[in-house]
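The values are calculated or read from the model by the stated rules, or taken from the named source; none is laboratory data. Everything numeric in this text was worked out from a predicted model, so none of it was measured. Every residue, glycine as well, gets a Cβ built from its backbone with ideal geometry; the counts of neighbours run over all protein chains shown. Areas reflect the complete protein model, heavy atoms only, side chains present, ligands, DNA and RNA absent. Shrake-Rupley method; radii C 1.70, N 1.55, O 1.52, S 1.80 Å.
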Amino acid sequence: MGDDGGVRLQKVLARAGVASRRNSEILIEEGRVEVDGRVVTEFGVRVDPETAVIRVDGARIPPVSANVYLVLNKPRGVVTTMSDPQGRPCIADFVEDRAERLFHIGRLDTDTEGLLLLTNHGEFAHRLAHPSYEVSKTYVAEVEGNVKPVVLRALLDGVELDDGPARADTVKIVSTVPGRTLVEMSLHEGRNRIVRRMFDAVGHPVKRLTRTAIGPVRRGNLHTGQLRELDAPELGQLLDLVNL
């Protein structure tokens, strides 16, 4: 950040859709804009729009970038690969009209539906998939049997699996009918089939599983098979979560 080179801060804010250039100047004047950890109140400051960490009222404004960040509501029966030699439906079928070379972040089982992120930003994908950054994921599982409170407590305390213990961050019953329970569970785990294995361990096999959130990204009204770009608040929060 400085007075030489770069782009004027109010212009960067306007380009990002935060406000018009004039209203961006008002935000700066009111001390509501922060660049690289420092509150900026003067109008002449120039920044590198690709690298500067800019916040307005504490919220991260994603940098100007050629990278693409998408969310797909993956249907059941779709393989989480960008190609499939067996000719099964795969992720590439949903992005075949895009010019970018995209790849998916993490996986969902073929029988699991729900949110999956795609990008062409390698470091972002690597960090988001890495367990050390602890990005929470939320699932809704339809399981066999009527789940009792003692089972919820076991999931929160941790269950022993063949590759080590696993525990839920939050878990609650959404609804119950005779012989079936709908359970919402959030966890930071990313191991293979982790949700299904946890419910198997407590005696309630999963009949249907949907991922409904990845960090701040929620399914909302995104229908099965639909694709959309991450909005600025979602992307800003994810960049903060993975320290980019």
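Averaged per residue, what accessible surface does region 54-177 expose to a 1.4 Å probe, in Å²?
Roughly 51 Å² per residue, with all protein chains present.
What translational D, rounded to a whole number of µm²/s, comes out for region 1-145 from Stokes-Einstein when the hydrodynamic radius is the Kirkwood one over Cα pairs, at 4 °C and 1.567 mPa s?
The diffusion coefficient I find is 71 µm²/s.
Using the Cα centre of region 117-229 as the reference point, and only Cβ charges (+1 on K/R, -1 on D/E), how large is the resulting charge dipole? Debye, rounded to the nearest 20.
Numbers: 17 positive and 13 negative charges, 82 e Å.
Value, rounded to 20: 400 debye.
Rg to Rh for region 7-61: what is it, with Cα atoms only and Rh by Kirkwood?
With Rh from the inverse mean 1/r over Cα pairs, Rg/Rh is 0.89.
Does anything in region 166-190 have its amide N under 20 Å from the 7 Å Cα→Cβ label point of ALA129, and if so which residues?
Correct set: 187-190.
Starting from the Cα-Cα distance between LEU244 and ASN192, subtract it from 0.36 nm times their residue separation and give me the gain in nm to one decimal.
16.1 nm
Please calculate the 1.4 Å probe accessible area of ARG153, with all protein chains present, and give it to the nearest 10 Å².
Here the residue's solvent-accessible area equals roughly 130 Å².
Roughly what percent of Cα-Cα pairs across region 136-214 reach past 22 Å?
12
Going highest first, how would you order 179-186, 30-37 by mean Cβ packing within 10 Å?
Going from most to least packed, we get 179-186, 30-37.
GluC sites (Glu not before Pro), restricted to region 98-143: which are DSSP loop and have at most 15 other Cβ atoms within 10 Å? Intermediate values should be presented prior to the final figure.
Values: sites: GLU100, GLU113, GLU123, GLU134, GLU142; in loops: GLU100, GLU134.
Taking region 98-143 and a limit of 15 other Cβ atoms within 10 Å, the loop GluC sites (Glu not before Pro) found are GLU100, GLU134.
Based on the Cβ-Cβ distance from PHE103 to SER175, what FRET efficiency comes out when R0 is 41 Å, to the nearest 0.05?
That pair, PHE103 with SER175, gives E of 0.70.
Counting only protein heavy atoms, what percent of the accessible surface of region 136-214 is carbon or sulfur at a 1.4 Å probe? Walk me through the numbers on the way to the answer.
Working: 1970 of 3870 Å².
So the carbon and sulfur contribution to the accessible surface is 51 percent.
Compute the semi-axes of the equivalent ellipsoid of the chain, taking the square root of 5 times each eigenvalue of the Cα gyration tensor, and list them largest first in whole Å.
Sorted largest first and rounded, they come to 40, 21, 15 Å.
Can you give the FRET efficiency for THR81 and THR224, using 1/(1 + (r/R0)^6), R0 = 22 Å, r = Cβ-Cβ distance, to the nearest 0.05?
0.75
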